[in-house]
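Novice: This is the structure I want to talk about, given as structure tokens.
The values are calculated or read from the model by the stated rules, or taken from the named source; none is laboratory data. Since the structure is predicted, the reported quantities are computational estimates derived from the model, not experimental observations. Positions of Cβ are backbone-derived with ideal geometry, glycine not excepted, and every protein chain shown enters the neighbour counts.
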There are 2 protein chains.
Amino acid sequence: MEFNHQATVTLAEVAEAAGVGESTVSRVLRNHGSFSGKTRDRVMAAVERLGYVPNRIAGTLASTGSRLVAFVIPSLSNIVFPDVLRGASAILEENRYQAVFSVTDYDPKKEEELAAAMLAWRPAAVMLAGYEHTDGTIKMLRASGCRIVEMLDVDGDALDIAVGFSNRAAGRESAAFLLRRGYRRIGYVGHDLNRDTRAGKRFSGFCETLGAGAAPLADHEILAGASSVENGKLGLERLLSRTPDLDAVYFSNDDMALGGYFHCLARGISIPAQLAIFGYNGLDIGRATPQPLSTIRTPRVATGQLAAQLVVTNAPPQVVDLGFELIEGATA
Amino acid sequence: MEFNHQATVTLAEVAEAAGVGESTVSRVLRNHGSFSGKTRDRVMAAVERLGYVPNRIAGTLASTGSRLVAFVIPSLSNIVFPDVLRGASAILEENRYQAVFSVTDYDPKKEEELAAAMLAWRPAAVMLAGYEHTDGTIKMLRASGCRIVEMLDVDGDALDIAVGFSNRAAGRESAAFLLRRGYRRIGYVGHDLNRDTRAGKRFSGFCETLGAGAAPLADHEILAGASSVENGKLGLERLLSRTPDLDAVYFSNDDMALGGYFHCLARGISIPAQLAIFGYNGLDIGRATPQPLSTIRTPRVATGQLAAQLVVTNAPPQVVDLGFELIEGATA
DNA sequence: CAGTAAATTGGCAGCGCTGCCAAAAAAACC
DNA sequence: GGTTTTTTTGGCAGCGCTGCCAATTTACTG
């Protein structure tokens, strides 16, 4: 079985066919340097005729610096990351950059391996989630000389560029909101915080403000595994069976919160009178539930867009806090 | 501002440092060909000491055929595609392949442009959604000589490999199920079918079976734009205001169906007594709603996995129908 | 129309690695 | 010890393109 025989038309063949030199073809194709309209037509005709497709591998090797941008993301199940990719990919495509990605599954060790594999492609930039990386990863990235963008967090020291928002502040504002609303018996339902460190930061900010407000966290339930609607449902059920007199519950994100919301719907627990629910992310689906979800909307797409923008413009190192928006909703 | 100065340690420098020839280093690093244990240690030590990261760009150019796999997908908002990528990326990573992607926004013309851009990277394979491509795209892909995988559909003629399931059959089975349940005044709420041709195929299969069952579609509402919970809600509202006596509604997918479900919850329309709701995709969230959503579960992750598997094993051209599973749920 | 400046063009040396081949070293055999 | 095999090695020519530089052509000046 012989499949992968690339029908290789090379630049040299195009040059030959057009009766011009190789560098002329190269110039025309990249629209760079000068050439007459007549030669351009001749070259383009030959390109068309032969069905020439430039070889970016060769081009990248010959020039300096590639137009690849490497994303090393924790997950594709958590909608956050597809959203970021979506924002970034539009900008990258416009600028003729190419996105490559791999998924760490929230494992820092795997992040290190994948980052190494990515660097082998000599990307223009490596885009990561958050600040928590192994020493090996940091050392490697630093040594690579390529741009580094840490996304979705600004609570820490950036290696180069950081674009995101403060998860800790989001946790604090969520707590402040619940306190303002008069809730005092507040619980928390979350997913594995050791892996999702940003969720951990929100939780810690949340507890901090609760403590300062003299209504310390009444109880919490942490589920192993990734966040999901199912886990949110299960988590709230467990939490309430242990501590039935809670008047509000903060969830690690909207998926979890929706699970809690559905649990209440199914059990006839009235929201927010009997129990308030507060999420994080501001997913569209939370706008469409019978009672809009109280949550914090994060600029996920915008994070991807700006991250990409800063890379393609080769902006200086900086930390950009895009902020977030508290959505009052009707569940808290 | 000078950033992108790749700290370039080359293979030649490693060879120098280790006191061996370049090809020896290359052999050791790829664990290919023969070399003594002693030289291997010397080489690895030098690699470690210099922090050498192989340059895959150069490696790919020198050898034949890359380990890049190009995904040209319609969207990242529709969870279907992140799911497919998720399945594929795990397999690709295991096999040291690298995924690159770009997003067409359901625009065939843009698909053509992006496919061309992808081919410039000389990928081992191009992974697309479905069978509907422009002539230009098809011609280009054929000429490229790289593997072509069409995913998420098997209703048509494959260019090379196809992995998915029959959308038309899914539509038919959905209709048959509703008929079996005794529904006769059936409506449809969908999103832009000209763009999402797979949703169009489902709709067409659905109508076909309804017609044969002597209960032709009573009414339908097509919303411009992408599928979303919000649009599902809006669509059902419009449909019911026009045709209030429907007893069941088929939605273009689960997002839309959830919108319909929420609409009913909000309006106090009892499900399924007053109105049945049927979706498509089998999203997890549909398992967690107070009434589990009646839908069809599609093997999205498995599609990505198998597609990747067939590429890395360089399997012969084939069409694999992974099937789907009807979930009775409680909304129909 | 010579003389100079400006616009085009081609040649060719790499970019960093792999693959092929021949040379050198080590192991096996008589 | 001399041969024949087998295992290890290094040299070097590309992979297809870009970037530099010099050569050629064309445009412009006085």
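Novice: Does segment A:316-325 contain any residue that is of a type in the set (S, T, N, Q) and touching a helix residue (DSSP H, G or I) at 6+ places or on another chain (Cβ under 6 Å)? Break it down stepwise before answering.
Specialist: Quick first cut of segment A:316-325, residues of a type in the set (S, T, N, Q) only: A:318.
Still in the list and also touching a helix residue (DSSP H, G or I) at 6+ places or on another chain (Cβ under 6 Å): none.
No, because not a single residue in segment A:316-325 is of a type in the set (S, T, N, Q) and touching a helix residue (DSSP H, G or I) at 6+ places or on another chain (Cβ under 6 Å).
Novice: Quick one: in segment A:286-299, of everything that is within 11 Å of chain B (Cβ to nearest Cβ) and under 22 Å from the mean Cα position of the chain (by Cα), which residue is nearest to A:H263 (Cα to Cα)? Let's see the steps before the verdict.
Specialist: Residues of segment A:286-299 within 11 Å of chain B (Cβ to nearest Cβ): A:286-292.
Then keep just the ones that are under 22 Å from the mean Cα position of the chain (by Cα); that gives A:286-287.
On the way: A:G286: 15, A:R287: 18 Å.
Only one residue fits best here, namely A:G286.
Novice: Now, a different point. Residue under question is A:G235, and the condition is that it be within 22 Å of A:C207 (Cβ to Cβ), more than 11 Å from chain B (Cβ to nearest Cβ) and assigned to a helix (DSSP H, G or I); does it hold?
Specialist: Working: within 22 Å of A:C207 (Cβ to Cβ): yes; more than 11 Å from chain B (Cβ to nearest Cβ): yes; assigned to a helix (DSSP H, G or I): yes.
So A:G235 fits the description; yes.
Novice: Somewhere in segment B:276-289, is a residue at pLDDT 95 or above and touching a Pro at 6+ places or on another chain (Cβ under 7 Å)? Step through it out loud before you land on a result.
Specialist: In the first step, residues of segment B:276-289 are kept if they are at pLDDT 95 or above; the result is B:276-289.
With touching a Pro at 6+ places or on another chain (Cβ under 7 Å) added as a condition, the list becomes B:286.
Yes, segment B:276-289 contains at least one residue that is at pLDDT 95 or above and touching a Pro at 6+ places or on another chain (Cβ under 7 Å).
Novice: Here is a further query. Within segment B:6-21, count every residue that is within 14 Å of another protein chain (Cβ to nearest Cβ) and either in contact with a strand residue (DSSP E or B) (Cβ under 7 Å, 6 or more places away or on another chain) or more than 8 Å from DNA strand C (Cβ to nearest atom) (or both).
Specialist: So the count comes out to 1.
Novice: Which residue is farthest from B:I79 (Cα to Cα), if the candidates are limited to segment A:43-83 and must be under 27 Å from the mean Cα position of the chain (by Cα), among the hydroxyl-bearing types (S, T, Y) and within 16 Å of DNA strand C (Cβ to nearest atom)?
Specialist: The qualifying residue farthest from B:I79 (Cα to Cα) is A:T60.
Novice: (1) part of a strand (DSSP E or B); (2) surrounded by fewer than 24 Cβ atoms within 10 Å (Cβ to Cβ): which one isn't true of A:L265, the others all being true?
Specialist: Here A:L265 clears every test but (1).
Novice: I'd like to verify a number: residues in segment B:291-327 that are under 30 Å from B:L178 (Cβ atoms) and polar (S, T, N, Q), how many?
Specialist: Residues in segment B:291-327 being under 30 Å from B:L178 (Cβ atoms) and polar (S, T, N, Q): 5 in total.
Novice: Still on this structure, I have one more. Restricting attention to segment B:268-280, and to residues there that are β-branched (V, I, T) and surrounded by fewer than 22 Cβ atoms within 10 Å (Cβ to Cβ), which single residue is nearest to the chain's Cα centre (by Cα)?
Specialist: Taking segment B:268-280 first, the residues β-branched (V, I, T) are B:269, B:271, B:277.
Going one step further and asking which of them are surrounded by fewer than 22 Cβ atoms within 10 Å (Cβ to Cβ), we end up with B:269, B:271.
Numbers: B:I269: 34, B:I271: 31 Å.
So, considering only residues that are β-branched (V, I, T) and surrounded by fewer than 22 Cβ atoms within 10 Å (Cβ to Cβ), the one nearest to the chain's Cα centre (by Cα) is B:I271.
Novice: Could you run through segment A:213-223 and say how many residues are buried (at least 19 other Cβ atoms within 10 Å of the Cβ) and either among the charged types (D, E, K, R) or in a helix (DSSP H, G or I) (or both)?
Specialist: 1
Novice: Still on this structure: Among the residues of segment B:29-73, which ones are of a type in the set (G, A, S), away from chain A (no Cβ under 11 Å) and on the phi > 0 side of the Ramachandran plot?
Specialist: The first filter runs over segment B:29-73 and keeps only residues of a type in the set (G, A, S), leaving B:33-34, B:36-37, B:45-46, B:51, B:58-59, B:62-63, B:65-66, B:70.
With the extra rule that they be away from chain A (no Cβ under 11 Å), the set shrinks to B:33-34, B:36-37, B:45-46.
Answer for segment B:29-73, where residues must be of a type in the set (G, A, S), away from chain A (no Cβ under 11 Å) and on the phi > 0 side of the Ramachandran plot: just B:G33.
Novice: Output the residues belonging to segment B:22-37 that are farther than 17 Å from B:A12 by Cβ and more than 7 Å from DNA strand C (Cβ to nearest atom).
Specialist: B:N31, B:G33, B:S34, B:F35, B:S36, B:G37 - these are the residues of segment B:22-37 that are farther than 17 Å from B:A12 by Cβ and more than 7 Å from DNA strand C (Cβ to nearest atom).
To keep it simple, each residue is scored yes or no on (1) away from DNA strand D (no atom under 11 Å from the Cβ); (2) crowded, with 22+ Cβ neighbours inside 10 Å; (3) assigned to a loop (DSSP other than H, G, I, E, B).
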residue: A:R27; (1), (2), (3): no, no, no
residue: A:A45; (1), (2), (3): yes, no, no
residue: A:F81; (1), (2), (3): yes, yes, no
residue: A:E93; (1), (2), (3): yes, no, no
residue: A:F101; (1), (2), (3): yes, yes, no
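Novice: Additional query: Within segment B:224-258, work out how many residues are of a type in the set (A, V, I, L, M, F, W, C) and buried (at least 24 other Cβ atoms within 10 Å of the Cβ). Write out each step before concluding.
Specialist: Within segment B:224-258, the first condition is being of a type in the set (A, V, I, L, M, F, W, C), and the residues that meet it are B:224, B:226, B:229, B:234, B:236, B:239-240, B:246, B:248-249, B:251, B:256-258.
Keeping just the survivors that are buried (at least 24 other Cβ atoms within 10 Å of the Cβ) gives B:229, B:236, B:248-249, B:251, B:256-258.
Matching residues across segment B:224-258 total 8.
Novice: For segment B:54-66, enumerate the residues that are more than 12 Å from DNA strand D (Cβ to nearest atom) and modelled with pLDDT under 95.
Specialist: Matches in segment B:54-66: none.
Novice: Being at the interface with chain B (Cβ under 7 Å from one of its Cβ atoms), out of contact with any helix residue (DSSP H, G or I) (no Cβ under 6 Å at 6 or more places or on another chain) and surrounded by 20 or more Cβ atoms within 10 Å (Cβ to Cβ) narrows it down to one residue among A:A129, A:A124; which is it? I'd like the intermediate steps shown before the answer.
Specialist: Working: A:A129 fails: at the interface with chain B (Cβ under 7 Å from one of its Cβ atoms).
Just a single option satisfies the conditions, and that option is A:A124.
Novice: Within segment A:6-17, can one find any residue that is of a type in the set (G, A, S), within 8 Å of DNA strand D (Cβ to nearest atom) and more than 23 Å from A:E113 (Cα to Cα)?
Specialist: yes
Novice: Let me ask another. Give the residue, chosen from B:V149, B:V189, that is surrounded by 24 or more Cβ atoms within 10 Å (Cβ to Cβ) and in contact with a His (Cβ under 9 Å, 6 or more places away or on another chain). Before the answer, list the steps.
Specialist: Working: B:V149 fails: in contact with a His (Cβ under 9 Å, 6 or more places away or on another chain).
After ruling out the rest, the residue left standing is B:V189.
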